[in-house]
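See below for the structure under consideration.
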Amino acid sequence: MNSDRLAAEARAKIGSLRPRVLRRSNGVLPYDYIVPNGVYEELWDWDAFFVGLHLISVDRTAGLYLKNWCLNFLRFTEPDGQTPGGLRPWAGRDARLYQIKPLMGQAAYYASKALGDFQWVVPVWERMKSCLTYRERKMSDPETGLVKWWDGMESGADNNAALIRRYHNSMAAPDVNAFQILDDRAAAIVAGMIGKDEDAAAFRDKARALTTAVNARLWDEAAGSYFTFDCVEKTLVSCVTYSNLVALWARLAPIEEGRLMIERYVLEPGKLWAPHGVRSLASDDPMYNNENVLKPYSNWQGPIWPHANWMVIHALRHYGFPDAAREVAERVTRVCLDDLETNGMMHENYHADTGAPLAAPDFISWNLLVAQMIEEARDGVFLPDQEEAVWKV
């Protein structure tokens, strides 16, 4: 099947699954929300965020769901800004995800742009600001200025090989810092749009300072890659894993360094390049596996994760590898469409070497992004009129 036909089939078959992730307000969640259909009925931070991006790429009025994402999470924000990363409609906060991922500013920005309305933020701005700055205030490393994950579960990449068997609140990974930088940039725009000029300037300064810290402390010149910094052991963890690539999705590396990292690790079959997409852990790592694991954690030690590959295709395009971006998009799209054709469903991850579906049957969440992956890999940004301000260095 040629690329255009594959893209059209993805739009039709995967895109048609959107209604199955939408839920009406329920229990302690006062606003309509997004779930990963299948074994999950909770509101999860990055699942619903990435689904929200997909929704507004199709219909800007669906920005309501990203707005609701913010308002539902803010309902559980403590006075100091601590906000859980998961919410259960029947019980409230999910203690397994200590702090929400740095996505609040981006969600508010994309929702407001899609809806053409920033004013809904005004009544909740102080609470939102408290949430936005919590990780930098409470979970940053004084020596480096980098922000940290509480643990692997909080990161979403549950058993990320760079994070396991480490102390709590100790690992300054490329992904959390990249998300934080994008969040600070987005928050600066939101603050400016609602007349909070001092806050806007402060968030811009935070983004610049953190970008400098990432490139000074997480970039390994000899290896040509970003790595996670262990703030207790004071050393880089030289693990070639998905989370390193998020810094490229956020465009933190200069072009030359970004291209070097992609050539050494992403396009290298002995590392992350696989027959069915980009692996979540390098194939030459001792921990590499494609086991079907869901409990007590999902497996990020090898399998293909569609939304991680969605971030990768945009990194590949930005750093000058459009053909590779299209190849990744087509491989992941085929895997998901084959799953739908054979099993009548999608899964949350896939075997990197065989393409076999693995965990979480009937999973519909960020894999909705696959509906647009080929088109985005071919044509560029997912929201052309919205991207530049947040991604501008």
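All of the numbers you see were taken from the coordinates with simple rules; none came from a lab. What you see is a predicted model, and the numbers here were worked out from it, not measured in a lab. So basically every Cβ, Gly included, is an ideal-geometry build from the backbone, and we count neighbours across all protein chains shown.
Quick notes
- The length gained on full extension between Asp353 and Asn292, counted as 0.36 nm times the residue separation minus their Cα-Cα distance, comes to 20.6 nm.
- Per-bin percent of Cα-Cα distances, the stretch 1-137 [5 Å]: 2, 10, 20, 21, 20, 13, 7, 4, 3, 1, 0
- Neighbour counting of Cβ atoms within 10 Å sorts the residues Thr61, Thr83, fewest neighbours leading, into Thr61, Thr83.
- Ordering Arg317, Arg60 by the number of other Cβ atoms within 10 Å of each residue's own Cβ, fewest first, gives Arg60, Arg317.
- With neighbour counts taken as other beta-carbon atoms within 10 Å, the residues Phe50, Phe179 rank, fewest first, as Phe50, Phe179.
- Computed [θ] at 222 nm, helices only, for the chain once each DSSP H run of length n ≥ 4 contributes -39500 (n - 2.57): -14000 deg cm²/dmol
- Relative contact order for the stretch 109-220: 25 percent, from Cα pairs under 8 Å spaced at least 6 residues apart, divided by residue count.
- Alpha carbon centroid spacing (whole Å) that separates the stretch 31-48 from the stretch 268-341: 23
- Part-to-part distance (alpha-carbon centres) for the stretch 68-98 and the stretch 189-208, which is given in Å: 24
- Space enclosed by the convex hull of the alpha-carbon atoms of the chain, per residue, Å³: 123
- Of the cross-linked pairs Lys234/Lys271; Lys129/Lys196; Lys113/Lys196, those separated by over 22 Å at the C-alpha level are Lys234/Lys271.
- Under the Debye formula (equal points on every Cα, no solvent term), log10 I(q)/I(0) of the stretch 256-352 at q = 0.10, 0.12 Å⁻¹: -0.26, -0.38
- FRET efficiency estimate (nearest 0.05) - Cβ-Cβ, Asn2 to Tyr167, R0 51 angstrom: 0.50
- Annotation for the stretch 128-188 versus the stretch 211-241: alpha-carbon center distance of 14 Å.
- Extents of the stretch 153-218, largest first, come to 44, 24, 15 Å (Cα atoms, principal axes, whole angstrom).
- Helices meeting the span-like rule in the chain (full DSSP H runs, Cα extent of at least 24 Å along the helix axis, mean Kyte-Doolittle score of 0.0 or higher): 174-193.
- Antiparallel bridges, percent of DSSP beta bridges restricted to the chain (to nearest 5): 100
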